[in-house]
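See structure below.
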Amino acid sequence: MAKTAFIGLGVMGYPMAGHMAAKGHEVVVYNRTGAKAEGWVAKHGGRAAATPAEAAEGAEFVMACVGNDDDLRSVTLGESGAFAAMAKDAVFVDHTTASADVARELDAEARAAGFHFVDAPVSGGQAGAENGALTIMCGGEEAAFERAAPVMDCYARSRRLLGPAGAGQLTKMVNQICIAGLVQGLSEGLAFAEKAGLDGEAVVDVISKGAAGSWQMENRHKTMLADEFEHGFAVEWMRKDLDICLAEARRNGARLPVTALVDQFYGEVMRRGGKRWDTSSLIRLLR
Ligand SMILES: NC(=O)c1ccc[n+]([C@@H]2O[C@H](COP(=O)([O-])OP(=O)(O)OC[C@H]3O[C@@H](n4cnc5c(N)ncnc54)[C@H](OP(=O)(O)O)[C@@H]3O)[C@@H](O)[C@H]2O)c1
């Protein structure tokens, strides 16, 4: 069992760190809002640290899952950040959905200081984190990835190394690009069914078994038909992710016309008060 730390006990990090403790790892947690860390310790044991640096002290593996690039820089390189306290040869695994640039920057910082960095964004949402069934897309050195793999396996259904630093974040961008267009297509299909006077449930029952079937159709059609969106993956997070995708595409020359359009639709959802609504709320713009 390893000496580990977990930084960022949000919707995702809280249960992920819990799975590590349940598998017997020694876990020191840090959360900006200290009460959440105290609550985690009351439930899972271990210890709460006052700063990311204190959490990282002496740990073999330090996992993080915070909001965006700036948050990640703050808990790693900021005042009392984890990087200043990382042990030689330790591995920092970042589960935040962030840019490939920040992953490469932190990888360079880690190398210079004699430890390792793996960018490891996840998919599977809150349910995946709670059930220990996340998919993890990794970038970094193979040896560091292999060493961290048994810790990630506490909450992963699958994990794969896709290339050097940044490759995990680039793969997560592909994931979000695929989802954006698909959710808009699903919204248009279901809104069309309503206008056509069809029974949405019956339509999905038939077409989900064919080529139109998808995770979104399977898991979201009921709430979309019921116009319920107070759950799932928040529109404001999706916009953050699409921003990252569009910036990367401007650099690498990829064309993302549909993704850019769907990003604007999400902007409209936010203007209607939907920043915390699930991403399937795109259908509201069509009703
Ligand atoms: N939720 C999902 O379904 C999902 C799915 C896949 C990927 N993700 C990605 O996973 C990451 C975390 O998502 P989440 O849903 O767990 O978010 P969340 O519930 O908002 O949690 C964010 C965590 O980061 C901490 N944090 C934010 N800014 C910080 C800063 N400047 N310094 C220190 N700590 C800071 C927060 O601390 P406080 O408690 O003090 O606010 C909290 O612990 C995001 O990058 C998100 O895009 C989320």
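The values are calculated or read from the model by the stated rules, or taken from the named source; none is laboratory data. Being a predicted model, the structure only gives us computed values, none of them experimental. Glycine gets a Cβ as well: all are built from the backbone with ideal geometry, and neighbour counts include every protein chain shown.
Let me confirm something: among 132, 185, 168, which residue is outside any strand (DSSP E or B), crowded, with 16+ Cβ neighbours inside 10 Å and touching a Leu at 6+ places or on another chain (Cβ under 8 Å)?
168
A quick yes/no check of all residues on (1) closer than 18 Å to residue 93 by Cβ; (2) of a type in the set (D, E, K, R); (3) in contact (Cβ under 8 Å) with a residue 40 or more places away in the chain:
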position	(1), (2), (3)
2	yes, no, yes
5	yes, no, yes
27	yes, no, no
30	yes, no, yes
41	no, no, no
48	no, no, no
55	yes, no, yes
63	yes, no, yes
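Answer yes or no as to whether residue 23 is of a type outside the set (A, V, I, L, M) and either touching a Cys at 6+ places or on another chain (Cβ under 7 Å) or under 26 Å from residue 174 (Cα atoms) (or both).
Taking the combined requirement at face value, the residue satisfies it.
Would you be able to say whether some residue in region 119-138 is at pLDDT 95 or above and away from the ligand (no atom under 16 Å from the Cβ)?
Within region 119-138, not a single residue is at pLDDT 95 or above and away from the ligand (no atom under 16 Å from the Cβ).
Can you report the number of residues in region 5-15 which are near the ligand (Cβ under 8 Å from one of its atoms) and either in a helix (DSSP H, G or I) or touching a Leu at 6+ places or on another chain (Cβ under 7 Å) (or both)?
2
Out of (1) within 19 Å of residue 129 (Cβ to Cβ); (2) surrounded by 23 or more Cβ atoms within 10 Å (Cβ to Cβ), what's the single condition that is false for residue 52?
The failed condition is (1).
To keep it simple, each residue is scored yes or no on (1) of a type in the set (Gly, Ala, Ser); (2) in a helix (DSSP H, G or I); (3) surrounded by 19 or more Cβ atoms within 10 Å (Cβ to Cβ).
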site: 105; (1), (2), (3): no, yes, yes
site: 111; (1), (2), (3): no, yes, no
site: 118; (1), (2), (3): no, no, yes
site: 127; (1), (2), (3): yes, yes, no
site: 136; (1), (2), (3): no, no, yes
site: 146; (1), (2), (3): no, yes, no
site: 151; (1), (2), (3): no, yes, yes
site: 157; (1), (2), (3): no, no, no
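Condition test on residue 247, is it assigned to a loop (DSSP other than H, G, I, E, B) and at pLDDT 95 or above?
On the way: assigned to a loop (DSSP other than H, G, I, E, B): no; at pLDDT 95 or above: yes.
Criteria not met by residue 247.
May I ask you to verify whether residue 75 is more than 14 Å from the ligand (Cβ to nearest atom) and either under 18 Å from residue 13 (Cβ atoms) or crowded, with 21+ Cβ neighbours inside 10 Å (or both)?
no
Regarding region 231-247, can at least one residue be identified that is more than 13 Å from the ligand (Cβ to nearest atom) and farther than 20 Å from residue 127 by Cβ?
Yes.
Could you count how many residues in region 250-272 are charged (D, E, K, R), more than 16 Å from the ligand (Cβ to nearest atom), in a helix (DSSP H, G or I) and in contact (Cβ under 8 Å) with a residue 12 or more places away in the chain?
1
For residue 218, state whether it is assigned to a loop (DSSP other than H, G, I, E, B) and without any contact (Cβ under 8 Å) to a residue 12 or more places away in the chain.
no
What is the number of the single condition among (1) in contact with a helix residue (DSSP H, G or I) (Cβ under 7 Å, 6 or more places away or on another chain); (2) in contact (Cβ under 8 Å) with a residue 24 or more places away in the chain; (3) surrounded by fewer than 20 Cβ atoms within 10 Å (Cβ to Cβ); (4) not small (Gly, Ala, Ser) that residue 89 does not meet?
Condition (1) is where residue 89 drops out.
Criterion first (more than 18 Å from residue 100 (Cβ to Cβ), without any contact (Cβ under 8 Å) to a residue 60 or more places away in the chain and not aliphatic (A, V, I, L, M)) does residue 232 satisfy it?
no
Taking residue 36, is it within 10 Å of the ligand (Cβ to nearest atom) and over 18 Å from the mean Cα position of the chain (by Cα)?
It is true that residue 36 is within 10 Å of the ligand (Cβ to nearest atom) and over 18 Å from the mean Cα position of the chain (by Cα).
Take the residues of region 254-285 that are farther than 14 Å from residue 173 by Cβ and among the small types (Gly, Ala, Ser): which is surrounded by the most Cβ atoms within 10 Å (Cβ to Cβ)?
281
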